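> Please read through the structure below; I'll follow up with questions.
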Amino acid sequence: MTLAMSWNTFGRVLRFTTWGESHGPAIGAVLDGCPPGIALSEEDIQPYLDARRPGQNKFTTQRQEPDQVKILSGVFEGKTTGTSISLLIENVDQRSKDYSEVAQKYRPGHADYTYDAKYGFRDYRGGGRSSARETAMRVAVGAIARLIIPEVQVHAWVAEIGGDPIDLSKFDPEQVTQNPFWCPDADAASRWEALVDGARKDGSSLGAIVGCSATGVPAGWGAPVYAKLDSDIAAAMMTINATKGVEIGDGFEAARLRGEENADPMRPPESGKRADGPEFLANHAGGTAGGISTGQPVTCRVAFKPTSSILTPVETITRDGEAAEIVTKGRHDPCVGIRGVPVVEAMMAFVLADQKLLHRAQVG
């Protein structure tokens, strides 16, 4: 393994490296390991970036970034060549003056202090490299990953905001794109409108839980012991800004069940052919067993903390170690988990594409 002071690359057979800062001239990514001959254009990527784009409603940051992606390499005559795919998005709406106070004071909960402690220097403009602006490139790379796994469908949604969960009995996939919260429960979406708007007006923020499901994943993807499908998913989700927890399948709820309750019973498929795989009567394990996919939907839940940049005064210290109070001005998401939905989808798609290629490399 190559050692590095900073790590900007994720993946095994399929790998991406991101670069850039929140208030720099641009952000970008380089994707290696993509198979050749896949039809790819900027139009295949842009819809996913549009879904993540800021400033679309009052419940997200009002920073106006078009997030227009450019493919700089790795595509010829509309198809991937097998070489590195380079992607670029220009930053066009920076307001670095909003962060003048942050230059001398640390925002509690943000990476300000830890970056300073590690490097002895930091880019305070919007958090620099620690900004969630970087996740736009993950979404772009995830769009390409989806083309590698056309047999799989990945969908994410917001399952809870500020401690108010959806009612699973009212789960309607059609509702997810019908409200600004990616919420599958129309009643919950209505409640969240007042909840998030109230936090925004108070100069505060709320946390959220994002659910994700990938259907069409065949049995056999993943590998023991250190390339487990579920461990790669957990690692991928934990790299997303503001993520503080990941559950696979039932997650922590599984610890509250008895063995017979937690089991995913199997019976022969109706056709009676072993090649069809078993019929599962439950999916507590989230579509994995021993780190390998079972053929069931692969599911996870991702917990996002409240946005750290808030207008509510918070105690902190200056770079010189003196006591201070900070109010973070600028344009910030009152609930960062809302725009986390396309990012969670992208990282799930990327892990599955990587595992598909890893499986093919190992067993043919």
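> Pick out which of 238, 347, 137 has the largest mean-square fluctuation in a Gaussian network model of the chain, springs linking Cα atoms closer than 10 Å.
238
> Moving to a separate point now. Given the options 108, 216, 120, identify the residue whose Cα lies farthest towards the positive end of the charge dipole of the chain (+1 on Cβ of Lys, Arg; -1 on Cβ of Asp, Glu).
In the chain, that residue is 120.
> Using a 1.4 angstrom probe and counting only protein chains, how large is the accessible area of residue 88 in Å², to 10?
Approximately 30 Å² for this residue.
> May I have the count of lysine pairs in the chain with C-alpha atoms under 15 Å apart, counting pairs 8 or more residues apart or located on different chains?
Lysine pairs, 8 or more places apart or on different chains, close enough: 8.
> Here is a further query. Select from 156, 173, 141 the residue farthest towards the positive end of the dipole of region 69-180; place +1 on Cβ of Lys and Arg, -1 on Cβ of Asp and Glu, and compute about the Cα centre.
The residue sitting farthest along the positive end of the dipole is 141.
> Given the options 309, 169, 41, state which has the largest fluctuation in a GNM of the chain using a 10 Å cut-off (strictly under) for Cα springs.
169
> How do the peptides 218-224, 112-118 rank, highest first, by the average count of neighbouring beta carbon atoms within 10 Å per residue?
Most protected by this proxy first, the peptides run 218-224, 112-118.
> Which is farthest toward the positive dipole end of the chain among 254, 304, 268, measuring Cα position about the Cα centre, with Cβ charges +1 (Lys, Arg) and -1 (Asp, Glu)?
304
> If you count only protein heavy atoms with a 1.4 Å probe, what accessible area per residue comes out for region 71-198, rounded to a whole Å²?
Accessible area per residue, region 71-198: 47 Å².
> Moving to a separate point now. Using DSSP to call loops (not H, G, I, E or B), can you name the GluC sites (Glu not before Pro) in region 285-325 whose Cβ has at most 10 other Cβ atoms within 10 angstrom?
Those that pass, being in a loop and sparsely packed, are 322.
> Among 82, 198, 120, determine the one that fluctuates most according to a GNM of the chain built with springs between C-alpha atoms less than 10 Å apart.
Greatest mean-square fluctuation among the candidates belongs to 120.
> To the nearest 10 degrees, how steeply does helix 186-201 sit against the main Cα axis of the chain, on a 0 to 90 scale?
Approximately 20 degrees, to the nearest ten.
> Leaving ligands, DNA and RNA out of it, report the carbon-plus-sulfur percent of the accessible area of region 278-328 at a 1.4 Å probe.
The C+S portion of the solvent-accessible surface of region 278-328 is 56 percent.
> Where nothing but the Cβ of Lys and Arg (+1) and of Asp and Glu (-1) is charged, how large is the charge dipole of region 94-179 around its Cα centre, in debye to the nearest 20?
Charge dipole, region 94-179, about its Cα centre: 620 debye, nearest 20.
> Would you work out the charge dipole size for the chain about its Cα centre, treating the Cβ of every Lys and Arg as +1 and the Cβ of every Asp and Glu as -1, and quote it to the nearest 20 debye?
Dipole about the Cα centre, nearest 20: 780 debye.
> For region 173-280, give the magnitude of the charge dipole about the Cα centre (Cβ charges: +1 Lys/Arg, -1 Asp/Glu; no others), in debye to the nearest 20.
With only Lys, Arg, Asp and Glu charged at Cβ, the dipole is about 300 debye.
> Now a separate question. Please label the shape of region 115-186 as rounded, prolate or oblate, based on the square roots a ≥ b ≥ c of the eigenvalues of the alpha-carbon gyration tensor (a/c under 1.5 means rounded; beyond that, a/b larger than b/c means prolate, else oblate).
oblate
The values are calculated or read from the model by the stated rules, or taken from the named source; none is laboratory data. Note that the structure is a prediction, hence the values are computed from the model and not measured. Here Cβ is always computed from backbone atoms with ideal geometry, including for glycine, and neighbour counts include all displayed protein chains. Surface accessibility is based on the protein's heavy atoms, side chains included, excluding ligands, DNA and RNA. Shrake-Rupley method; radii C 1.70, N 1.55, O 1.52, S 1.80 Å.
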